[in-house]
Amino acid sequence: MRPAVLATRATFPEVTARLRQHFELEDNPTDEIWSRDELIRRLQGKIGVMSTGTERIDANLLDACPGLKAVCNVGVGYNNIDVAACTRRGVVVTNTPDVLTETTADFGFALMMATARRIGESERFVRRGEWRKTGIHDHFVGSDICGATLGILGMGRIGRAIARRGALGFGMRVIYHNRSRLPANLEAEVGASYVDKSTLLRESDHLILVLPYSSDSHHAIGAAELAQMQPHATLTNIARGGIVDDAALADALRKHTIAAAGLDVFEGEPDVRSELLSLPNVVLTPHIGSASTKTRLAMAALAADNLIAALGAGELAGKPPTPVNPEVLRGSNP
Ligand code: 8YV
């Protein structure tokens, strides 16, 4: 009998076919979102899971599913997984870095531009049939991207790809803040200068968030931070819900403390605060930063490669390409 694994969300046929070469696969072709109890029920007898950001893999779930040996997330972020709890139980965790960097940077730029140039608002105006007579100096005027100051909070791979676009493509002055400063050669390559967080907030015309979510980054942008930003500034969040205090942001948008926001991620998503839904000066998208067909396929394929290798099968047996807790593979977990 081949080992059994679970894929929690619908994926590409070529990816399920590859998993079926090695495992008894239970998949989710109708893509319904399972309750936690349902997930735990389906994980019984499974030794691996291909998960997504929708599923919370924590200590309680691991205790209820003691046969689990590998959790392979489709996504670079893995704040849905308690990695320490997995490591303690010898469960390998993997993610999908690199393959989504450029696609997500493109999307961050697109959302920032839509926000600065009021594309959502003006598109709704046209659809409502209100385009009769328009003013010239005050008609959906927004703020420029070219030549403006781009602020980046978080400077990992996606942050650097956004910096490059801003500096090289749009002639922007790029400033960033991160837990650790980049080496000088990397700063020069991406055209970005390090500043403290307060300078970043005060000087950015367009601030974009690309840092991972953790208890340290919870509400990294709240009322106090928004108050330091310029009234014409925009804020774009493509990182994770919870990094921004959405209630404080809605308040700032209503009071025009900042001009506009572009949000791809939300606290408590897929639910979105009703204040945000009714404000004109916010562009809302449903967590689609990495959503190009090519990239989503590459992410799913990498997650499948990780699952196959982590469970000791295939050419890379025992060596999943992108482990998050490699110490488990070395057998040195406590
Ligand atoms: C995914 C993401 O769509 O990679 C990430 O961290 O947020 C997105 O690319 C999401 O994680 C789905 O699992």
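Could you please let me know if Arg273 is more than 16 Å from the ligand (Cβ to nearest atom), basic (Lys, Arg) and surrounded by fewer than 15 Cβ atoms within 10 Å (Cβ to Cβ)? Here the answer is no, as Arg273 does not meet what is asked. Restricting attention to segment 165-190, the residues that are farther than 18 Å from Asp144 by Cβ and surrounded by 17 or more Cβ atoms within 10 Å (Cβ to Cβ) total 6.
Yes/no matrix, rows are residues, columns are (1) among the basic types (Lys, Arg); (2) out of contact with any Leu (no Cβ under 8 Å at 6 or more places or on another chain):
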{"site": "Gly166", "(1), (2)": "no, no"}
{"site": "Gly169", "(1), (2)": "no, yes"}
{"site": "Met172", "(1), (2)": "no, no"}
{"site": "Arg181", "(1), (2)": "yes, yes"}
{"site": "Glu187", "(1), (2)": "no, yes"}
{"site": "Val190", "(1), (2)": "no, no"}
{"site": "Arg202", "(1), (2)": "yes, yes"}
{"site": "Leu207", "(1), (2)": "no, no"}
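Within segment 239-259, if we keep just the residues that are touching a Lys or Arg at 6+ places or on another chain (Cβ under 8 Å) and either acidic (Asp, Glu) or open to solvent by less than 10 Å² (accessible area, probe 1.4 Å) (or both), the residue that is farthest from Thr103 (Cα to Cα) turns out to be Ala250. Residue pairs, Cβ under 8 Å, 6 or more apart or interchain, first in segment 48-77 and without any contact (Cβ under 8 Å) to a residue 24 or more places away in the chain, second within 9 Å of the ligand (Cβ to nearest atom). List them. From residues that are without any contact (Cβ under 8 Å) to a residue 24 or more places away in the chain, the pairs are Val71/Ser51. If a residue has to be within 14 Å of the ligand (Cβ to nearest atom), assigned to a loop (DSSP other than H, G, I, E, B) and without any contact (Cβ under 8 Å) to a residue 24 or more places away in the chain to count, how many in segment 277-334 make the cut? The number of residues fulfilling the criteria is 1.
Okay, residues lined up against (1) touching a helix residue (DSSP H, G or I) at 6+ places or on another chain (Cβ under 7 Å); (2) small (Gly, Ala, Ser):
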{"residue": "Glu189", "(1), (2)": "no, no"}
{"residue": "Ala192", "(1), (2)": "yes, yes"}
{"residue": "Lys197", "(1), (2)": "no, no"}
{"residue": "Arg202", "(1), (2)": "yes, no"}
{"residue": "Ile208", "(1), (2)": "yes, no"}
{"residue": "Pro212", "(1), (2)": "no, no"}
{"residue": "His218", "(1), (2)": "no, no"}
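Of the residues that sit in segment 93-144 and are within 16 Å of the ligand (Cβ to nearest atom) and open to solvent by 60 Å² or more (accessible area, probe 1.4 Å), which one is nearest to Ala303 (Cα to Cα)? The selected residue is Asp98. On the stretch given as segment 78-114, residues that are part of a strand (DSSP E or B) and among the aliphatic types (A, V, I, L, M) total 3. For segment 76-85, the condition holds for at least one residue, the condition being that it is of a type in the set (Ser, Thr, Tyr), modelled with pLDDT of 95 or more, in contact with a strand residue (DSSP E or B) (Cβ under 9 Å, 6 or more places away or on another chain) and within 12 Å of the ligand (Cβ to nearest atom).
If the condition is being small (Gly, Ala, Ser) and within 11 Å of His219 (Cβ to Cβ), then segment 242-266 contributes Gly242, Ala247, Ala248.
The values are calculated or read from the model by the stated rules, or taken from the named source; none is laboratory data. It should be emphasised that the depicted structure is a prediction, and the values quoted were computed from it without experimental measurement. Reconstructed Cβ throughout: ideal geometry from the backbone, glycine too, with neighbour counts over all protein chains shown. To get the accessible areas, we keep the full protein, side chains included, count just its heavy atoms, and leave off ligands, DNA and RNA. Shrake-Rupley method; radii C 1.70, N 1.55, O 1.52, S 1.80 Å.
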